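Worksheet: one structure, shown below.
The values are calculated or read from the model by the stated rules, or taken from the named source; none is laboratory data. All values reported here derive from a predicted model rather than from experimental measurement. In this analysis, Cβ positions are derived from the backbone assuming ideal geometry, glycine residues included, and neighbour counts consider all displayed protein chains.
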Ligand SMILES: [Zn+2]
């Protein structure tokens, strides 16, 4: 029997996504308005849940467990829809993309009406 995959909070998954994109702990802390120690402790919690020794290994394990999906799109309407489909809270990147998408659509409708 395979043990159930460790459950990470959306924030923890986002943290791994940031790491996978090459963000440093300092960059994550800055963009989330966290203390660097706070950002580090999230990493620690994730490593413990995944049984990883390093953040690099945590990202790798998360990919293997499909917690992270390298090919998944983020930052546009499709990414936003994918979050919704999975019952997730869309990430900030996708929220911004969706806002833009809706603005464009609203613009289009206005054009048609005129
Ligand atoms: Zn997203």
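Just one of (1) modelled with pLDDT of 85 or more; (2) surrounded by 14 or more Cβ atoms within 10 Å (Cβ to Cβ); (3) within 16 Å of the ligand (Cβ to nearest atom) fails for residue 87. It is (2). For the residues 64, 21, 17, 26, the requirement of being in contact with a helix residue (DSSP H, G or I) (Cβ under 7 Å, 6 or more places away or on another chain) and not assigned by TED's automatic domain parsing to the domain that holds residue 96 singles out 26.
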